[in-house]
Amino acid sequence: MGLFQDIEHEARKRDLRFLVIGALAVNLHGFPRDSADLDLLILREHRGAWLALLGKLGYSIDQDADVFVQLSPPQAGAWPVDLMLVREPTFGTILAGAREVEMYGARLLIPSLEHLIALKLHALKHGQARRFLKDFLDVENLVRVNRLDLRSPANRELFLKHGDVALYGKILRACSKP
C-alpha cells in the first residue's frame with residue numbers, strides 16, 4: 001500500500017476522521033498546483049492518536065506549534081505530512097460539507113470549495129509572511145477557475161468573516177485583472 005492508502009486504512013481502524021486540505025484539495029477544486037506535502041485537517045483532541053499513527057508509519061515531528069504539526073517522512077522522497085488541528089465545531093462544519101474523492105488509490109475527503117477558501121483566508125489573515133503569496137494565489141485562482149462572483153453577498157461575507165476588508169479588496173483587484 002501507499003501512504004494515502006495506509007493513512008486511510010489506519011485512520012479508519014482507529015476511528016480518526018480527517019480531511020485532505022492544502023494544494024491537493026486546491027487541485028481537486030480545479031486549479032492545478034504542485035504539492036510537496038500532504039496536508040491534513042484533524043481534530044485537535046486527536047493530536048496524540050494522529051502522532052502515534054504517523055509514528056507507526058515512520059514519521060517524526062519536525063515542527064510542533066499549537067495548531068500545526070509538520071512531520072518528516074521516514075525516507076527521502078516520501079511525502080512529508082502537515083497536520084492542521086482544529087476544534088470540534090470547526091471540524092464538524094467542514095466535515096459536513098466535505099466530498100469524497102479518489103486520491104492515489106484511496107477514498108479521501110476534501111473540504112467544499114467554500115470551506116477550502118475559508119481555510120486559505122484564515123491562513124492569510126493569521127499566517128506567516130513567507131506563505132502569503134502561495135495562499136493568496138490559491139484563493140485568487142480558486143475564485144477564477146470556479147468563476148465565483150466576489151461581489152455576491154455570500155462570497156463577500158465569506159471573505160470578511162474569514163479574512164478582512166483589506167484582503168477582500170486585494171482579491172477583488174487581483175481577480176478583476178485579465
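Being at positive phi and at pLDDT 95 or above, is that true of even one residue in the stretch 67-85? Within the stretch 67-85 (the criterion being at positive phi and at pLDDT 95 or above), the answer is no, since none of the residues qualifies.
Kindly check whether there is at least one residue in the stretch 143-161 that is touching a Pro at 6+ places or on another chain (Cβ under 6 Å), among the β-branched types (Val, Ile, Thr) and under 18 Å from residue 24 (Cβ atoms). No, the conditions are met nowhere in the stretch 143-161. Among the residues making up the stretch 22-32, those that are assigned to a loop (DSSP other than H, G, I, E, B) and either surrounded by 15 or more Cβ atoms within 10 Å (Cβ to Cβ) or hydrophobic (A, V, I, L, M, F, W, C) (or both) are 29, 31.
Please list, ordered by residue number, the strands (runs of 3 or more DSSP E) wholly in the stretch 40-158 having 1 or more residues that are free of Cβ contacts under 8 Å to residues at least 40 places away in the same chain, outside the structural domain of residue 176 (by TED's automatic domain parsing) and exposed (fewer than 14 other Cβ atoms within 10 Å of the Cβ).
Working: elements: 60-64, 68-72, 81-86, 99-103, 106-110.
So the answer is 60-64, 99-103.
Of 26, 81, 69, all but one fail to be in contact with a helix residue (DSSP H, G or I) (Cβ under 8 Å, 6 or more places away or on another chain), closer than 17 Å to residue 115 by Cβ and β-branched (Val, Ile, Thr); the exception is 26.
For the stretch 1-21, the candidate set comprises residues that are within 18 Å of residue 69 (Cα to Cα) and without any contact (Cβ under 8 Å) to a residue 60 or more places away in the chain; within that set, the residue that is surrounded by the most Cβ atoms within 10 Å (Cβ to Cβ) is 11. Return the only residue of 139, 145 being within 14 Å of the chain's Cα centre (by Cα), more than 20 Å from residue 91 (Cβ to Cβ) and modelled with pLDDT of 95 or more. On inspection, the qualifying residue turns out to be 139.
The values are calculated or read from the model by the stated rules, or taken from the named source; none is laboratory data. These numbers come from a predicted model, not from an experiment. Here the Cβ is made from the backbone with ideal geometry for all residues, glycine too, and neighbour counts use every protein chain on show.
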